[in-house]
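Okay, structure first, notes after.
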Amino acid sequence: MFRTKSRRGFSLIELVIVVVIIAIIAAIAIPRMSRGAAGATDSALSADLRTLRNAVDLYAQEHNGTYPTVAQIMANPGALTAYTDDQGNINATKTGNYIYGPYLRVIPGIPLGTEKGAGTFAASAAAGVGWVYDSTQGTVTANTGTLTDAKNKLYTAY
């Protein structure tokens, strides 16, 4: 009896089928992953704005409807990250009349745009400013210029 040698391995057709299947899976998965990353940035910006706005509103509720000024927020320690008294004076520790706050541990940096990472406030958009703040109305917006999200909505309108 003669034994024939059989070669082990994949045929060319089997390899082509596997490559085609991998290409189809990649074509479906890659666009979904890239949309997810953009959505995560949008969600991070929305969450940061919600947190900042809530902190400013809570400060105003505890200070007879008076919003903190930009100078008070950016002081070291700041009005949102330290203790305050009913007049809005700031103190690093909770002593005496300094019974309000802190409303935030740290001011978050803006998650996108040319000012990415800047955790700073100003009354108007400028270089190095992350958040634009109107102390007369207590509104906080993102300093992102004309950047838009996937739905073509300006980030400044969040």
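Each value in this text was obtained by applying a stated rule to the coordinates, not by laboratory testing. These numbers come from a predicted model, not from an experiment. Using ideal geometry, Cβ is built from the backbone for each residue, glycine included, and neighbour counts are taken over all protein chains shown.
Normalised by the number of residues in region 47-157, the average gap of Cα pairs under 8 Å and 6 or more apart makes the relative contact order 19 percent.
With n ≥ 4 as the cut-off for DSSP H runs, can you work out [θ] at 222 nm for the chain, using -39500 (n - 2.57) per run divided by the number of residues, rounded to the nearest 500? It comes out at -12500 deg cm²/dmol, rounded to the nearest 500. How long are the semi-axes of the equivalent ellipsoid of region 47-157, taking √(5λ) for every eigenvalue λ of the Cα gyration tensor, in whole Å from largest down? So the three semi-axes of region 47-157 are 27, 13, 11 Å.
For region 58-158, the list of trypsin sites (Lys or Arg not before Pro) that fall in a loop by DSSP and count at most 10 other C-beta atoms within 10 angstrom reads Arg105, Lys151.
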